[in-house]
Amino acid sequence: MNFDFAPFAARRARLADQIRAAGGGIAIVPTAPERCRNRDSDYPYRHDSYFHYLSGFGEPEAVLVLIASAEETRSVLFCREKNEEREIWDGFRFGPEAARERFGMDATHPVSELAKRLPELIGNQPALWYSLGHDEEWDRRITDALNSVRAGARNGISVPTEICDLRVQLDEMRLFKDANEIGLMRRAAEITSAAHRRAMRACRPGMMEYEIEAEILHEFRRSGSQFPAYTSIVAGGPNACVLHYNANNQPLRDGELLLIDAGCEFDSYAADITRTFPVNGRFEGPQRDVYALVLASQKAAIAECRAGKYFNDPHDVAVRILAQGMLDLKLLSGSLDEVLETSSYRRFYMHRTSHWLGMDVHDCGEYKQRGRWRDLEPGMVLTIEPGCYIRPADDVPEAFWNIGVRIEDDVLITGNHPDVLTSAAPKCIKDVEACMAEALA
């Protein structure tokens with residue numbers, strides 16, 4: 001498979017420029033360790049997002065070292081050596097020599113040499129850039145390396161005088177997606193949209209939640225997605241009122257709604273879509289009213305996703321529409337101003353409307369700057385996901401009990417208008433019903 005290391009090299013160069021502008025130093029970025037599931041069985045391996053963002057290298061037991069000074073910029077990768085016996089059992093390894101050429105590194109070394117070489121690399125650097133507190137084992141390794149450098153002080157070797165949190169720079173870089181990243185996110189969105197359409201067409205009363213989950217996972221994998229981006233929520237009836245429900249083991253009943261929150265990961269980038277639809281294919285009565293309310297709030301929130309708006313503007317607009325709708329449906333009483341001031345709407349809508357999206361489904365990046373919500377800017381990607389969750393209660397009309405609705409799309413901020421990456425997943429009432437009817441035709 002063709003691999004273009006240019007986007008990763010460009011990110012390393014950008015990071016090096018920032019480190020150099022701050023006085024220079026050395027950055028250390030390890031990948032994630034393999035994790036044991038039970039006995040001698042591991043979880044499927046997934047690299048660390050920061051490491052992959054800068055390297056594109058997908059193997060475990062790897063570390064990226066970036067040196068940025070007035071004299072040089074150098075990328076050094078430590079990785080596993082070639083090992084024919086282990087490759088028979090575990091699969092292909094690049095090894096240092098092939099990795100240097102394939103991933104555009106200035107130097108590569110066996111990871112077994114890391115403990116010896118790391119103090120040499122750290123010595124005489126003015127600052128160490130590292131994500132302290134991210135991994136306890138790696139914090140210990142860094143401490144050992146610094147102590148080793150200190151032990152050479154009488155030989156004229158100096159230890160870095162600063163330890164800077166590398167996540168500050170990387171979080172801000174990752175918040176703005178480049179053209180390569182946007183292309184991958186579009187593909188993740190296409191695959192996920194197809195999976196939601198497949199779920200709609202497959203759904204029938206009497207099926208189990210996990211049968212619909214299987215349809216979603218099948219579409220992910222057959223389309224080239226490597227993993228689900230997160231554990232899928234397939235919540236029928238009252239389960240839709242549990243925000244993080246994932247047991248996915250209950251029957252789907254005629255007359256109830258099914259809420260599906262599921263997204264795939266494609267080449268390390270996530271999609272995140274939620275759709276809610278009737279198990280029997282037809283919205284009826286109060287469920288139709290609640291769905292129409294959530295959809296109206298979502299459309300209004302998406303319209304706020306423009307450069308120059310604040311991050312919180314979509315949420316404020318969604319809340320105002322939802323609160324008025326709750327009053328109109330007699331779920332709440334009082335005036336709109338009272339409902340907003342007291343936050344009584346939170347009884348039925350208790351989460352926020354958006355989060356950043358990228359390599360992680362809840363991606364990195366600050367939501368506020370200097371105490372205020374930050375501006376939306378081109379290249380940012382966020383979710384828009386209002387909802388309404390109505391549990392049984394004496395003061396709630398019984399016809400609304402156990403109705404849970406959430407509608408979520410992924411939106412790319414551009415200069416002029418929102419770019420909804422996930423628009424291929426039906427959400428208008430007529431489009432949802434038509435999609436579900438296709439399977440019966």
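Yes or no, residue by residue, for (1) touching a Cys at 6+ places or on another chain (Cβ under 8 Å); (2) open to solvent by less than 60 Å² (accessible area, probe 1.4 Å); (3) in a loop (DSSP other than H, G, I, E, B):
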{"site": "G281", "(1), (2), (3)": "yes, yes, yes"}
{"site": "P286", "(1), (2), (3)": "no, yes, no"}
{"site": "K299", "(1), (2), (3)": "no, no, no"}
{"site": "R306", "(1), (2), (3)": "no, no, yes"}
{"site": "M326", "(1), (2), (3)": "yes, yes, no"}
{"site": "L331", "(1), (2), (3)": "no, yes, yes"}
{"site": "Y349", "(1), (2), (3)": "yes, yes, yes"}
{"site": "S354", "(1), (2), (3)": "no, yes, yes"}
{"site": "D360", "(1), (2), (3)": "no, yes, yes"}
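In segment 216-241, the qualifying residues are those that are under 17 Å from the mean Cα position of the chain (by Cα) and of a type in the set (V, I, T), and the one that is farthest from Y269 (Cα to Cα) is I233.
Is it true that D135 is among the charged types (D, E, K, R), in contact (Cβ under 8 Å) with a residue 60 or more places away in the chain, surrounded by fewer than 18 Cβ atoms within 10 Å (Cβ to Cβ) and under 17 Å from T31 (Cβ atoms)? Here the answer is yes, as D135 does meet what is asked. With a requirement of 2 or more residues that are within 29 Å of the chain's Cα centre (by Cα) and more than 29 Å from T161 (Cα to Cα), the helices (runs of 4 or more DSSP H) lying completely within segment 1-111 that satisfy it span 6-21, 95-102. Scanning segment 251-269 turns up no residue that is part of a helix (DSSP H, G or I) and open to solvent by 10 Å² or more (accessible area, probe 1.4 Å). When A202, A195 are screened for being over 24 Å from the mean Cα position of the chain (by Cα) and of a type in the set (G, A, S), only A202 passes. Within the option set L66, L77, being open to solvent by less than 90 Å² (accessible area, probe 1.4 Å), in contact (Cβ under 8 Å) with a residue 40 or more places away in the chain, under 20 Å from A32 (Cβ atoms) and aliphatic (A, V, I, L, M) holds for one residue only, L66. Residue pairs whose Cβ atoms lie under 7 Å apart, separated by 6 or more positions or on different chains, with the first residue in segment 151-165 and without any contact (Cβ under 8 Å) to a residue 40 or more places away in the chain and the second open to solvent by 80 Å² or more (accessible area, probe 1.4 Å), are I157/N124; S158/N124; V159/R150; I163/L132; D165/L132. Residue check: I390 meets all listed conditions (1) in contact (Cβ under 8 Å) with a residue 12 or more places away in the chain; (2) open to solvent by 20 Å² or more (accessible area, probe 1.4 Å); (3) under 22 Å from V234 (Cβ atoms) but one, namely (2). Considering V405, V339, the condition of being more than 20 Å from R187 (Cβ to Cβ), of a type in the set (A, V, I, L, M) and assigned to a helix (DSSP H, G or I) is satisfied by V339 alone. Within segment 11-31, being among the small types (G, A, S) and touching a residue at least 12 places away in the same chain (Cβ under 8 Å) holds for A13, A16, A22, G23, G24, G25, A27.
The values are calculated or read from the model by the stated rules, or taken from the named source; none is laboratory data. The structure displayed is predicted, hence computed values, not measured ones. As a convention, Cβ positions derive from the backbone with ideal geometry for all residues, glycine included, and neighbour counts pool all protein chains shown. Ligands, DNA and RNA are stripped out before the accessible areas are found, and what is left, the full protein with its side chains, is counted by its heavy atoms. Shrake-Rupley method; radii C 1.70, N 1.55, O 1.52, S 1.80 Å.
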